[in-house]
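The structure appears below as structure tokens.
The values are calculated or read from the model by the stated rules, or taken from the named source; none is laboratory data. A quick note: this is a predicted structure, and the numbers were derived from the prediction, not measured. Don't worry about glycine lacking a Cβ; one is built from the backbone with ideal geometry, like all the others, and counts go over all protein chains shown. Areas reflect the complete protein model, heavy atoms only, side chains present, ligands, DNA and RNA absent. Shrake-Rupley method; radii C 1.70, N 1.55, O 1.52, S 1.80 Å.
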Amino acid sequence: MKVDTSNWGSVCYYTGKSILIFSALFALPIFVAISHSDWNSALDFTISMSISIILSIGLTFYGEQKRKNAHNLSWRHGLVVASFSWILLSLISAIPYSLSGHSLSYLDSVFDVMSGFTTTGVFLIQDLDHISQALNTWRHLLTFVGGQGMIVLAISFFVKESGSAYKFYVGEGKDVSLVPNVQGTAKWIWRISLVYLLIGTTLLFIQGMRIGLNPINSLFHGLYIFMSAWSTGGFAPNYQNILFYHDFMYESIGLVFFIVGSFNFGLHFAFIQGKYKEFRKNIEIVSFFVSSFVLSVFAVVYLSNTGIYSDSISLFRRVVYNVLSAHTTTGFGSVYAQQFISDWGGLGITVMVVAMLIGGSACSTAGGIKGLRIGIIFKGIYNDIQKLMKGERTMRVVKYHHIKDYILDDATFRSAASIAILYIALFTVGVLLTSLSGYSLIESSFEVASVTGNVGLSVGIIQASMPSYLKLFYIFAMYLGRLEFISVFILIGMFIKGARKWFQQY
Amino acid sequence: MVSTILALLLVSQINQVTINQIIANSHDFDQSVIMIEAEVILEVLERNENAWINVNDGTNAIGVFLPLSMTADLEVFGDYEHQGDTVRVVGVFSRNCVEHGGEIDIHASSLEVIKQGVKQNHKVPVWKGLLALVGVSMSITALLLHRKRKVIMKFSNRFVKPV
């Protein structure tokens, strides 16, 4: 692929604009901090916001001077805007973590932010039970915004750049068009999410009060758990994650929202339009329910035979819940990290690894290979077998339904298979690297599947004490997994080309 | 008096363990009486006559199920503003509590506050205040310049004749 480095100006310009819009988000934790008379946190976020604004205006100014063709941003530059914005936003958003004193290093802060943005949910932050309300708000806000997409947020406010906006949108791993223009689509994504936010937070607030939380804690915890569930994130305000609440109903509300959150935004939009049959026909939904059922049955049968979980309630709350949490790439854990190793055994962990790698729906808040691709790959392979059995002279047109009917052609199959292969390759490299660091193959597989699929469950490898190169690899794996490779590859290509050019000049 | 002596005798017979030790060796500790010392987090979650408290000893955190009356002595709970009361909990550990949907938990038979919690003092460092002041001034200036530049560009574009 020929990489054009001449239009860095446009990349900087649009990246700067995206960061400027994002900077407004700092106002929320500042407000929370001030309302709690927490001046320390208020200053942390004010400093971070200032840096964000100055950097964004600097980039916009530089970009405006340098960009060659303001109205014609190529595809590759559009994709680079998305991947480059993600890197800079991660670096900026990590500042309050470091200023809070709860991160052991800036690398740990960036790790937590990337985990939030990519809706993964693993964390290295120290003393989570004592972090400020403002920092907790920030953690969950990042995961909520990251789930819908930071670029989706920026596009909602881009007024003049409609031509380029779709390229940024695709660069963030989304491709569904709810309405003909991309700004409209971005706004619909936010509208859908905010309606669910209202419903979900209200339900969790009421249930929080019923289980003994005071009204203020109930409100904040309801908001946090909803943001995490809907974004398939997996963060929680306390160390014990969803185990903190000791309540089946509270867990169940979370379960409903993380399943719904893992569905394609196109499906939510179809529902709004009254197309209820979509739920039955959509290839992703069929794929999700089949794989969820099969994996849950495997895990339940295996773990009930081992005698660890003796009754159906335990099997549902500890086994099915975790399988669904893994499959939707949420990462709420209703067992401790150590229990996966000590209780679940090889087959139990294999089920979890498969669930984490498959992931949720395309153009949703979930990660992983995605149900749509798995459905397409299975259908394509099945078609090839049919062709071989019935002879080459038989012409078969294979269709699949995803919001509308599509013909399954070779290009679609190849594209789905390519992304799936890239995920598997990333997973393999990660497992090798983690194993070489002294962890067992089974532990490494679980942890790497969790970061590659943006899940967030852990067997305990991810700790502040793990080697820095593993932290860097996991950050990269989360980032690649969320943006689905292509836009990141183009960004790397542009950097290499730019560096080569620079070396040739000097 | 006799019950206190008996309780003290019982406590002296039980090994104190960390929460992480119990969870990492849950098979060995299952259904045995254990003793932990940990900080109480956030608040008491009341459930009719009983309650849950969550405790964290720095190695890990766990839920403790106990009669509500036992929580009467708890005053300070751990959060950003407080270092919570440190309690000594004696109780039965379950790695798969049938009563609570297979949860890992401790059913407490005794709870004692061994250290009163305190309010945390989060002093604001001067350098943070100064940095924030400089940052806000610079960002407001940058925003104003950006805005002014946009207005000038818009105005000048009106007088550029199309070629």
Practice prompt. Mind running the shape call on the protein assembly as shown? Use the C-alpha gyration tensor, a ≥ b ≥ c as the square roots of the eigenvalues: rounded below 1.5 for a/c, prolate if a/b tops b/c, oblate otherwise.
Written response: oblate
Fill in: Karplus-derived HN-Hα couplings along the stretch A:377-390 (A = 6.51, B = -1.76, C = 1.60, θ = phi - 60°), whole Hz, x at Gly and Pro
4, 4, 5, x, 5, 4, 5, 4, 5, 4, 4, 5, 6, 9
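Per residue, how much accessible surface does chain A expose to a 1.4 Å probe? Answer in Å², no decimals.
On a per-residue basis, 38 Å².
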Worksheet item: In degrees between 0 and 90, to the nearest 10, how far off the longest principal axis of chain B does helix B:126-158 point, with axes built from Cα atoms?
Response: 40
Discussion item. Taking a ≥ b ≥ c as the square roots of the Cα gyration tensor eigenvalues, with a/c under 1.5 meaning rounded and otherwise prolate when a/b beats b/c, else oblate, which class fits the stretch A:391-506?
Written reply: oblate
Worksheet item: Given labels modelled 7 Å from the Cα in the Cβ direction, how far is it in nm from B:Lys115 to A:Thr306?
Response: 3.6
Practice prompt. Mind checking the stretch A:39-107 for trypsin sites (Lys or Arg not before Pro) that DSSP puts in a loop (not H, G, I, E or B) and that have at most 11 other Cβ atoms within 10 Å?
Written response: A:Lys68
Fill in: Loop chymotrypsin sites (Phe, Trp or Tyr not before Pro), the stretch A:225-282 (other Cβ atoms within 10 Å of the site Cβ: 12 or fewer; DSSP)
A:Tyr276
Discussion item. Can you return the aspartates and glutamates within cross-link range of A:Lys275? Criterion is Cα-Cα under 15 Å, with same-chain partners fewer than 8 residues away left out.
Written reply: A:Asp405
Worksheet entry | A:Phe489-A:Ile407 pseudo-label distance in nm [points 7 Å out on the Cα-to-Cβ vector] | 2.6
Practice prompt. Step through the residues of the stretch A:497-506 one at a time and calculate ³J(HN,Hα) from phi using the Karplus curve (6.51 cos²θ - 1.76 cosθ + 1.60, θ = phi - 60°), rounding each to whole Hz and writing x for Gly and Pro.
Written response: 4, x, 5, 4, 4, 5, 5, 5, 5, 9
Worksheet item: Given a 1.4 Å probe and every protein chain left where it sits, what share in percent of the accessible area of the stretch B:2-119 is carbon and sulfur?
Response: 51
Worksheet, complete the sentence: Comparing each residue of the stretch B:96-122 in the complete protein assembly with the chain by itself (heavy atoms, probe 1.4 Å, ligands and nucleic acids ignored), those losing at least 50 Å² of accessible area are B:Asn96, B:Gly101, B:Glu103
Discussion item. Per-residue Cβ counts within 10 Å, from other chains only, averaged over A:237-245: what number is that?
Written reply: 5
Worksheet item: Given a 1.4 Å probe and the protein chains all in place, what does the accessible area of A:Trp190 round to, in Å² to the nearest 10?
Response: 40
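Please compute how much accessible surface disappears when A pairs with B, both sides summed, using a 1.4 Å probe, and round it to the nearest 100 Å². Walk me through the intermediate numbers first.
Numbers: alone 21190 and 11570 Å², together 28640 Å².
Roughly 4100 Å² of accessible surface disappears when A and B pair.
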Fill in: Sequence-distant residues sharing a close amide H with B:Asn50 (under 5 Å, placed H)
B:Leu68
Worksheet item: Amide H neighbours of B:Lys115 under 5 Å, counting only residues 5+ apart in sequence or on other chains, H built in-plane at 1.01 Å?
Response: B:Thr86
Discussion item. Solvent-accessible area of A:Ile54, probe 1.4 Å, all protein chains present, reported in Å² to the nearest ten, please.
Written reply: 60
Practice prompt. List, in order, the whole-Hz ³J(HN,Hα) value for each residue of the stretch A:8-18 obtained from phi through the Karplus relation with A = 6.51, B = -1.76, C = 1.60 and θ = phi - 60°; use x for Gly and Pro.
Written response: 4, x, 5, 4, 5, 4, 6, 5, x, 5, 4
Fill in: Tilt relative to chain B, helix B:2-13 - C-alpha long axis, 0 to 90 degrees, to 10
70
Discussion item. Give me the percent of accessible area attributable to carbon and sulfur for chain A, probe 1.4 angstrom.
Written reply: 67
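Output the pairs from A:Lys281/A:Lys387; A:Lys277/A:Lys370; A:Lys187/A:Lys501 with a Cα-Cα distance over 31 Å in this structure; if there are none, say none. Present the calculation step by step, with values, prior to reporting the outcome.
Numbers: A:Lys281/A:Lys387 24 Å; A:Lys277/A:Lys370 21 Å; A:Lys187/A:Lys501 40 Å.
Check vs 31 Å cut-off fails for A:Lys187/A:Lys501.
Which is the longest part of chain B that has none of the GluC sites (Glu not before Pro) sitting in a DSSP loop with at most 14 other Cβ atoms within 10 Å?
Numbers: sites that count: B:Glu49, B:Glu75.
Between the exposed loop sites, the longest stretch runs B:76-163.
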